[in-house]
Amino acid sequence: MNPDSSAPTLAHAAEIRRRKVFADVGCAFWKEEPSLRDAVFLFDPEAIREVYVVPNFISEGYFTQTVVPRELELNGRITKRSSGQLWKYCQPVGNHSMMTNLLLQRAHEIALGVREDETSLLIVAHGTDLNENSAAAAKREAEKIRVLGKYATVLNVYMEEPPLVSDWRKLTKTPNVVVVPFFISDGLHSYEDIPVLLGIANEKSVSAGRAERSEIFRSNPHRVNGRSLFYAPSVGTDPGFADIIIEQATKFHSDPSRDGGTT
């Protein structure tokens, strides 16, 4: 449905590969090739003895706890294959403490020169009962940024549950509003759904081609009811995600948060 969804992951993998931190770097996807199920064959067990699996997801949830382990045939935190190759299952990128700085950086870059004490920052997640953990992750990040006192208002808002992103006019009072989608990639939500909910695009304009859709990020600030709204690309498209992926792998042995032993 969205050919752009894998682009950030491929870009981050290419950057990590360029840095030569690991002997090899591969990607696998749930609904694209190479598939998660085929990923077990990506690395020659004679040459690669350890594989670190870093889920490129905003939060823990059904996919990180059920789908990925099932498809990769993981049995806990460390899985030993019949070849002797060890697969080590790391925390998802969204759990890393660096996420807060990435959100702040993205918000700052999209509204350069705008006074933060006259600005509301909205972190947008999906919401709904099907995605409780992503809603919790957005709330966690909003709380962490709020205590820093940088912005006049910091809110976690959602597409399908209160507080709704569509209610941003009532939820904020500042002359400037910065909106950062808390998603891994730019896709249907960030290109189409959220702009319509914000009132900065209509359904006809967002159904246009890829080039036209990306204009939504280059048209800042959007003037709405005499206020300036700055709309950022999804946080997962930030090049800094490559650093987080590396960090989640390299800190694996000092992170006791995943249960399970060698199997």
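The figures follow:
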| read-out | value |
| --- | --- |
| Members of the stretch 166-188 found to be closer than 12 Å to GLY199 by Cβ and in contact with a Gly (Cβ under 7 Å, 6 or more places away or on another chain), listed by number | none |
| Single condition LEU198 does not satisfy, out of (1) open to solvent by 20 Å² or more (accessible area, probe 1.4 Å); (2) at pLDDT 75 or above; (3) not polar (S, T, N, Q) | (1) |
| Options ILE48, ILE145, ILE58; residue that is crowded, with 18+ Cβ neighbours inside 10 Å and modelled with pLDDT of 95 or more | ILE145 |
| Sole residue being assigned to a helix (DSSP H, G or I), at pLDDT below 95 and touching a helix residue (DSSP H, G or I) at 6+ places or on another chain (Cβ under 6 Å), chosen from GLY127, GLY94 | GLY94 |
| Failed criterion for PHE183 (all others in (1) in contact (Cβ under 8 Å) with a residue 40 or more places away in the chain; (2) surrounded by fewer than 20 Cβ atoms within 10 Å (Cβ to Cβ) hold) | (2) |
| Any chance ALA7 is more than 24 Å from ARG77 (Cβ to Cβ), open to solvent by 30 Å² or more (accessible area, probe 1.4 Å) and touching a residue at least 24 places away in the same chain (Cβ under 8 Å) | yes |
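Here's the yes/no breakdown for (1) on the phi > 0 side of the Ramachandran plot; (2) open to solvent by 20 Å² or more (accessible area, probe 1.4 Å); (3) touching a Lys or Arg at 6+ places or on another chain (Cβ under 6 Å); (4) part of a loop (DSSP other than H, G, I, E, B):
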position: PHE22; (1), (2), (3), (4): no, yes, no, yes
position: ASP38; (1), (2), (3), (4): no, yes, no, no
position: PHE43; (1), (2), (3), (4): no, yes, no, yes
position: ARG70; (1), (2), (3), (4): no, yes, no, no
position: TRP87; (1), (2), (3), (4): no, no, no, no
position: LEU102; (1), (2), (3), (4): no, no, no, no
position: VAL114; (1), (2), (3), (4): no, yes, no, yes
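The values are calculated or read from the model by the stated rules, or taken from the named source; none is laboratory data. Every value quoted in this text rests on a predicted model; they were computed, and no experiment measured them. Cβ sites come from the backbone with ideal geometry, for glycine too, and all protein chains shown count toward neighbours. Accessible surface is based on the protein model in full, side chains and every heavy atom, while ligands, DNA and RNA are left aside. Shrake-Rupley method; radii C 1.70, N 1.55, O 1.52, S 1.80 Å.
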